[in-house]
Amino acid sequence: MNNLTDPMQDRNPGKDGGALQRTRDWISDYSPDVRIQERGVLVSVGDGVAWIKGLPSARMEELLDFEDGSQGMVFDLCEELVGAVILQQTGSLTAGQEVHRTRRPLGLLAHDSLLGRVIDPIGRALDGQSPLHEGVWVNLNAPTPAIIERDFVHEPLYTGIRMIDAMIPIGRGQRQLIIGDEGLGRTSIALNAVLHQKDKDVRCVYVLIGQKRGAAVSVMQTLQRHGADAYTTLVVADAGSPPGLQYLAPFAGSALASHWMRQGRHVLVVYDDLSSHARSYRELSLLLRRPPGREAYPGDVFSVHARLLEQATCLSPEQGGGSLTALPIAETQQGEIAAYIPTNLISITDGQIYLERSLFAAGVRPAIDVGRSVSRIGGKAQHPAIKHEAGRMKLDYSRFLELEIFTRFGAKLDPGMQTIIKRGQLLRELLKQDRFERFSPEQELAWMIAYNEGLLDDHNLTDIPSALLKIRSGLNARLSLETPREDWMAALQEMLTSQSD
């Protein structure tokens with residue numbers, strides 16, 4: 001017994017001496033301990049939902065690892081079973097496999113390198129580039145900013161669309177709903193707002209929920225064609241994705257935007273669209289046997305969207321002064337604005353841009369119904385010069401639309417009403433705008449002054465596009481929003497006079 005020696009001492013340490021020393025240290029510090037690990041068993045799986053027996057300590061929205069490499073998230077807790085939504089599924093996921101807890105909530109890595117990238121709601125790259133390995137881990141269910149952290153909306157966010165920036169202004173930190181039937185240009189308005197943020201020091205997050213893959217490719221190509229991909233991140237959960245990913249998509253976009261807002265950045269996030277998001281949530285809830293409510297939607301669908309949109313705000317200077325502006329999109333059926341999801345979103349947001357099919361059929365682009373559209377707080381962020389010129393423009397335009405109905409029946413109108421109709425027709429032509437055509441704030445102010453001063457009254461309606469082009473090309477660096485109105489009038493008269501000559 002006394003002749004026995006430690007075999008490690010007989011070896012020549014050489015280059016492995018460090019490894020041997022680490023082994024000795026580990027053995028000397030080792031103490032046996034009891035480790036408890038919960039293991040569940042997959043009972044059934046189908047339609048993007050898995051039922052698991054066991055895991056008594058599982059928490060809501062906790063990530064789960066399946067034996068075959070699939071991944072899910074706890075979405076429902078029952079007395080005997082745990083309901084989970086599938087986030088990543090392999091072809092070998094079957095009942096009877098083991099399921100393990102990860103003890104961490106769902107999140108993604110947030111980093112500036114995500115600008116120009118296309119990712120899914122759990123941060124996986126969809127653009128063929130290398131996956132992201134650096135950044136800050138952000139929880140998809142991050143708490144909303146407290147009241148004392150918020151500030152009043154005081155800065156405008158220009159969309160480049162004349163009708164919106166003049167009559168339905170949006171401020172940084174606002175939640176403005178875009179609502180209307182399919183095919184009326186809702187996505188075009190949102191994309192136009194994103195494209196207009198170029199060189200404005202605003203980062204954008206565009207979330208596509210339940211759309212066809214071709215629609216996602218079209219959005220990506222539009223951003224690249226206009227150079228907007230440099231400041232935009234595209235979060236995609238297309239129609240072929242599991243319903244769990246479609247449900248998480250807007251929360252992923254909101255978490256990324258909130259991270260940048262906390263860094264003092266101005267961020268614009270588009271949710272395209274929340275009607276598809278509500279349908280995916282309804283599908284998951286029904287599969288998980290939750291009791292249905294109105295239109296078979298779960299009773300908490302309102303709180304889900306409220307929690308999402310409450311992230312949009314303007315932070316106080318003490319919190320960095322960042323802002324998150326949300327443009328959620330909702331779909332109506334045959335213009336029914338009183339349906340369940342549209343009314344929910346209208347009550348949550350700070351205003352809505354409503355698109356009307358009859359206007360679209362009449363050739364009005366964008367087909368925005370000014371009478372039903374409203375921005376409750378955007379006017380406070382509007383520049384004083386633009387706000388002064390906009391003035392009663394929205395009211396006058398709505399009045400014109402009402403009076404125009406009488407002209408269809410050949411009714412004889414007094415001279416005052418004829419003047420209102422003539423001016424309204426002129427204003428409607430001024431508000432028409434081609435897709436992805438964008439106007440700067442100075443160009444917005446220019447056409448409004450020209451309209452209010454009657455400088456365009458003698459123009460035929462067919463000449464309005466050329467007059468707008470002349471105004472845009474005639475602007476120079478000396479004219480700004482702070483320039484006195486008299487100087488603007490003199491410059492506009494010179495531009496329009498030279499055009500008539």
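Couplings 3J(HN,Hα) for the stretch 256-272, derived from phi with the Karplus relation 6.51 cos²θ - 1.76 cosθ + 1.60 (θ = phi - 60°), are 5, 5, 5, 4, 5, 4, 5, 7, x, 8, 9, 10, 10, 10, 10, 10, 10 Hz, where x marks Gly and Pro.
What does the helix-only formula give at 222 nm for the chain: each DSSP H stretch with n ≥ 4 adding -39500 (n - 2.57), the total divided by the residues, and the result rounded to the nearest 500 deg cm²/dmol?
Computed mean residue ellipticity for the chain: -11000 deg cm²/dmol.
Taking a straight line from the alpha carbon of Lys470, these aspartates and glutamates sit under 12 Å away, with near neighbours fewer than eight places off in the same chain left out: Glu494. Using a probe of 1.4 angstrom, how much of the accessible area of the stretch 292-446 is carbon and sulfur, in percent? Roughly 53 percent, rounded to a whole number. Please compute, over every Cα-Cα pair in the stretch 141-181, the percentage with a separation greater than 12 angstrom. The proportion of pairs with Cα distances above 12 Å equals 69 percent. Note on the stretch 371-404 and the stretch 216-242: Cα centroid distance 32 Å, given to the nearest whole angstrom. Quarter the surface of the alpha carbon convex hull of the stretch 379-449 and you get the mean projected area, 5.9 square nanometres.
Straight-distance candidates among the aspartates and glutamates for linking to Lys53, with alpha-carbon spacing under 16 Å and chain neighbours fewer than 8 residues away dropped: Glu38, Glu62, Asp65, Glu67, Asp76, Glu79, Glu80, Glu98.
Across all C-alpha atoms in the stretch 172-239, the radius of gyration and Dmax reach 12.1, 33 Å.
Rounded to the nearest whole Hz, the Karplus-based 3J(HN,Hα) values (6.51 cos²θ - 1.76 cosθ + 1.60, θ = phi - 60°) of the stretch 372-389 follow the sequence 9, 8, 7, 10, 6, 10, x, x, 6, 9, 5, 5, x, 5, 5, 4, 5, 6, with x at glycine and proline. Note on the stretch 342-501: with charges restricted to the Cβ of Lys and Arg (+1) and Asp and Glu (-1), its dipole about the Cα centre is near 620 debye.
For the stretch 42-113, the fraction of C-alpha pairs farther apart than 17 angstrom is 36 percent. With the cut-off at under 18 Å, measuring from each backbone N in the stretch 414-444 to a point 7 Å along the Cα-to-Cβ line of His388 picks out 441-444.
Quick one, what does Rg over Rh come out to for the stretch 80-122 if you take C-alpha atoms and the Kirkwood Rh?
That ratio equals 1.07.
Under the simplified labelling scheme, the Asn139-Phe406 pair shows an inter-label distance of 6.2 nm, with each label point 7 Å from Cα along Cα→Cβ.
Annotation: amide H of Glu67 within the under-5 Å range of Glu98, sequence separation 5 or more or interchain, hydrogens built in the peptide plane.
Mind giving me the nanometre distance, one decimal, between the label points for Asp68 and Arg213, set 7 Å out from Cα along Cα→Cβ? Going by the 7 Å Cα→Cβ label model, 2.1 nm. Counting charges near Asp272 (Lys, Arg +1; Asp, Glu -1) among other residues having Cβ under 11 Å from its Cβ returns a value of -1. Spatially, the stretch 146-172 and the stretch 326-342 are offset by 21 Å when compared through their Cα centroids. Of Phe439, Leu63, Leu208, which is farthest along the charge dipole of the chain in the positive direction, counting Lys and Arg as +1 and Asp and Glu as -1 at C-beta? Final value for the positive-end residue is Phe439.
3J(HN,Hα) couplings calculated from phi for the stretch 292-305 with the Karplus curve 6.51 cos²θ - 1.76 cosθ + 1.60 (θ = phi - 60°) are, in sequence order, x, x, 4, 6, 6, 6, x, x, 9, 5, 5, 5, 4, 6 Hz; Gly and Pro show x. Electrostatic bookkeeping for Lys198 treats Lys and Arg as +1 and Asp and Glu as -1; over the other residues with beta carbon under 13 Å from its beta carbon, the sum is +1. Hydrodynamic radius of the chain by the Kirkwood approach over all distinct alpha-carbon pairs: 26.0 Å.
In the stretch 419-501, the ratio of gyration radius to Kirkwood radius, Rg to Rh, stands at 0.94 when only Cα atoms are counted.
Out of all DSSP beta bridges in the chain, what portion is antiparallel? Express it as a percent rounded to 5. In the chain, approximately 60 percent of DSSP beta bridges are antiparallel ones. Taking amide H atoms as placed 1.01 Å from N in the peptide plane, the amide H of Leu87 lies under 5 Å from those of Gln71, Gly72, Met73, each 5 or more residues away in sequence or on another chain.
Remark: accessible surface ordering of Met417, Met495 (largest first) is Met417, Met495, probe radius 1.4 Å. At what distance in angstrom do the alpha carbon centres of the stretch 93-140 and the stretch 279-303 lie from each other? Taking the Cα centre of the stretch 279-303 as reference, the centre of the stretch 93-140 is 26 Å away. Of all lysines in the structure, the ones whose alpha carbon falls short of 27 Å from that of Lys412, not counting any fewer than 8 places away in one chain, are Lys394, Lys422.
Across 10 Å bins from 0, what is the distribution of all Cα-Cα pair distances for the stretch 329-399, in whole percents? With a bin width of 10 Å, the distribution comes to 17, 43, 33, 7. Across the chain, C-alpha contacts under 8 Å between residues 6 or more apart give a mean separation that, scaled by the residue count, equals a relative contact order of 15 percent.
Determine the per residue accessible area of the chain with all protein chains present and a 1.4 angstrom probe, expressed in square angstrom.
48
The values are calculated or read from the model by the stated rules, or taken from the named source; none is laboratory data. Bear in mind the structure is a predicted one, so any value in this text is a computation, not a measurement. Note that we place each Cβ from the backbone using ideal geometry, even for glycine, and neighbour counts take in every protein chain shown. Side chains are part of the model used for accessible areas, which takes the heavy atoms of the whole protein and leaves out ligands, DNA and RNA. Shrake-Rupley method; radii C 1.70, N 1.55, O 1.52, S 1.80 Å.
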